[in-house]
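One structure below.
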Amino acid sequence: MDRDDGAIDWDAAFEALVAPLRPPRYQRVARVAWQATATLVLMAVACWTVVRLISDPLSDLGRPWF
C-alpha cells in the first residue's frame, strides 16, 4: 500500500536546481588537466631554480659580476 504523505525529496529538488549550473563533464576534465599541467610546469621551474641555486658555488651567489 503506497501512500504519498506529501514529503518533499530535498535531494532531488537540490539536484534539479544545481545540475544546470554545473559545467559539462568535458569542461571539468579539461580544467583539471590544465591545472595539473600548469602545476607540473611551475613545480619543474621551481625545482630547476633550487637546483641551480644549490649547484652554483657559494662564492658566486649574489655577486654574478665577479
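The values are calculated or read from the model by the stated rules, or taken from the named source; none is laboratory data. Everything numeric here is computed off the predicted structure, so don't read it as measured data.
On the stretch given as region 1-45, residues that are basic (Lys, Arg) and on the phi > 0 side of the Ramachandran plot total 0.
Scanning region 1-58 for residues that are part of a loop (DSSP other than H, G, I, E, B) and hydrophobic (A, V, I, L, M, F, W, C), which turns out modelled with the lowest pLDDT? The extreme case among them is 1.
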